[in-house]
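Let me begin by presenting the structure, written as structure tokens, before commenting on it.
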Amino acid sequence: MGPGCARRAPLVAVDVPLAVSRYARRMDMRTLLQTYSGDGVLDGIYLRPARGKPAVAMTAARAVAGRGLEGDRAAASASRLAGGSKRQVTLFQAEHLPLLATWLRRDSIDPAVLRRNLVVRGLNLLSARSLLRDLRLVLRIGEEVGLELSGPCDPCSKMEFELGAGAYNALRGHGGVTARVVSGGELRVGDRVWVEAT
């Protein structure tokens, strides 16, 4: 061993319980996509009454299948697309708020400024979009609402005006997701959020 080279610790065999190793071998992608450590919670609801107008915090809202949230500008007009627009509802991961605040040198970020409809905590939103064509995943909120994630919700240049220089780049990859409403109904802040295979 030459000078400046560190000694490596010898490899040590780790005992893995037989039940765990058998379980891991049996899991396939379909099973993995449907396995969660727990449920999430709906932390916030925001309606955007019109383009350029501030988002309004709500304690409850009504989701309309194929349209979006009543009172939000996305639901104001019907889409010509089958099943409606891909951007009927926008969602944001609550756990990303402190990251954005850190990157933008702020104490905190008001979710209303981001103009996303729903803020979810405790469940990775990206995991609610299926990686398999023959496995449909629906994000359930409360007792009635079902959303099907349709893609990323990329930031717009307005974020630079709202949050300052660098906001657009801070939000890249952390701008949230878009979804279609597949089953409508009431949703409330504090509602349980989970993923269901259909």
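Any read-out appearing in this document is the output of simple, stated calculations on the displayed coordinates, not a laboratory observation. Being a predicted model, the structure only gives us computed values, none of them experimental. So basically every Cβ, Gly included, is an ideal-geometry build from the backbone, and we count neighbours across all protein chains shown.
Of the strands (runs of 3 or more DSSP E) entirely within segment 141-198, those holding at least 1 residues that are buried (at least 19 other Cβ atoms within 10 Å of the Cβ) and under 14 Å from the mean Cα position of the chain (by Cα) occupy 145-152, 177-183, 192-197. Does L137 meet the test of being touching a helix residue (DSSP H, G or I) at 6+ places or on another chain (Cβ under 8 Å), touching a residue at least 40 places away in the same chain (Cβ under 8 Å) and within 20 Å of T35 (Cβ to Cβ)? Yes: the conditions hold for L137.
Within segment 90-135, the set of residues being among the aliphatic types (A, V, I, L, M), part of a loop (DSSP other than H, G, I, E, B) and surrounded by 13 or more Cβ atoms within 10 Å (Cβ to Cβ) comprises A94, L104, I109, L123, L135. The residue pairs whose first member lies in segment 183-196 and is of a type in the set (S, T, N, Q), whose second member is assigned to a strand (DSSP E or B) and surrounded by 14 or more Cβ atoms within 10 Å (Cβ to Cβ), and whose beta carbons are closer than 7 Å, counting only pairs six or more residues apart or on different chains, are S183/V145; S183/G146.
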